[in-house]
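Structure first, commentary second.
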Amino acid sequence: MTGRFITIEGIEGVGKSTNVDFVAEHFRARGETVHVTREPGGTPMAERIRDLILAAGRDELSDLGELVLMFAARAEHLESLIRPALERGETVVCDRFTDASFAYQGGGRGLDPEVIDRLRIAVQGPLQPHLTLLLDAPLEVSAERIAGRDWQDRFEQEKTEFFGRVRAVYLEIAAREPDRVKLIDASQPPESVQAAIKAKLDRI
Ligand SMILES: Nc1ncnc2c1ncn2[C@@H]1O[C@H](COP(=O)(O)OP(=O)(O)OP(=O)(O)O)[C@@H](O)[C@H]1O
Ligand SMILES: [Mg+2]
């Protein structure tokens, strides 16, 4: 596969969706064909699974069920969109990917990372993002930025401690895989965040 696979990660409200198009434009300006997509979701079936997960009440869906649905959506996304694009030599920019499963279902929910890793291998094999931008900010910044939302999904309804565990796993992944995962201080104003992102992208 000759294409480029970039993912954007981080807890709620750090600016993933705000910056995904900025990242895409960077590669379009180089003449690349770029797909902007997200997880869970990215294909019609995976978006249906996304809706199922995010609308599920806490007692309607088990933690393990949540994890398996995430990977079911990911299998569809990889099969129908990500792999074909990468095989054509195109660029894929994805708002969240498997690191989020380790952070949310592992860190947040407390599921065994080895179980998550087995699903990862079954669903994606050796495929890994070439670059992951981890937008990181303190929990208060995250909470402030999502405070105005009138509907809160299954994750947004969680408590501060949950997001603390999610953030901690993200930072562990960044420390373990510094070549792939680039840490961006997302608490800065938007222009500074984009300058930091651009500095990372210019180097690949
Ligand atoms: N650097 C920034 N400074 C201040 N506000 C920001 C910054 N980046 C994004 N925002 C604002 O914060 C809010 C959340 O941003 P955004 O939706 O991009 O976050 P997200 O990471 O995609 O969140 P979620 O995980 O819930 O999808 C938006 O209102 C956005 O305009
Ligand atoms: Mg978003």
(message) Can you confirm whether GLY65 is away from ligand 1 (no atom under 16 Å from the Cβ), free of Cβ contacts under 8 Å to residues at least 40 places away in the same chain and either among the charged types (D, E, K, R) or farther than 27 Å from GLU158 by Cβ (or both)?
(response) no
(request) Answer yes or no as to whether ARG50 is among the charged types (D, E, K, R) and touching a helix residue (DSSP H, G or I) at 6+ places or on another chain (Cβ under 9 Å). (result) yes
(message) So if I check each of SER187, SER192, which one is within 20 Å of the chain's Cα centre (by Cα), within 10 Å of ligand 1 (Cβ to nearest atom) and open to solvent by less than 80 Å² (accessible area, probe 1.4 Å)?
(response) SER187
(request) Have a look at THR33, THR18 and point out the one that is within 16 Å of ligand 1 (Cβ to nearest atom), open to solvent by 70 Å² or more (accessible area, probe 1.4 Å), β-branched (Val, Ile, Thr) and farther than 25 Å from ARG118 by Cβ. (result) THR18
(request) Would you point out which residue out of GLU39, GLU90 is among the acidic types (Asp, Glu), away from ligand 2 (no atom under 16 Å from the Cβ) and at negative phi? (result) GLU90
(request) Output the number of residues of the range 159-184 satisfying the condition of being surrounded by 12 or more Cβ atoms within 10 Å (Cβ to Cβ) and charged (D, E, K, R). (result) 6
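The values are calculated or read from the model by the stated rules, or taken from the named source; none is laboratory data. No experiment lies behind these values; they were computed from the predicted model shown. Quick reminder, even Gly has a Cβ in these numbers, built from the backbone with ideal geometry, and neighbours come from all protein chains shown. Ligands, DNA and RNA are excluded from the accessible area calculation, which covers all protein heavy atoms including side chains. Shrake-Rupley method; radii C 1.70, N 1.55, O 1.52, S 1.80 Å.
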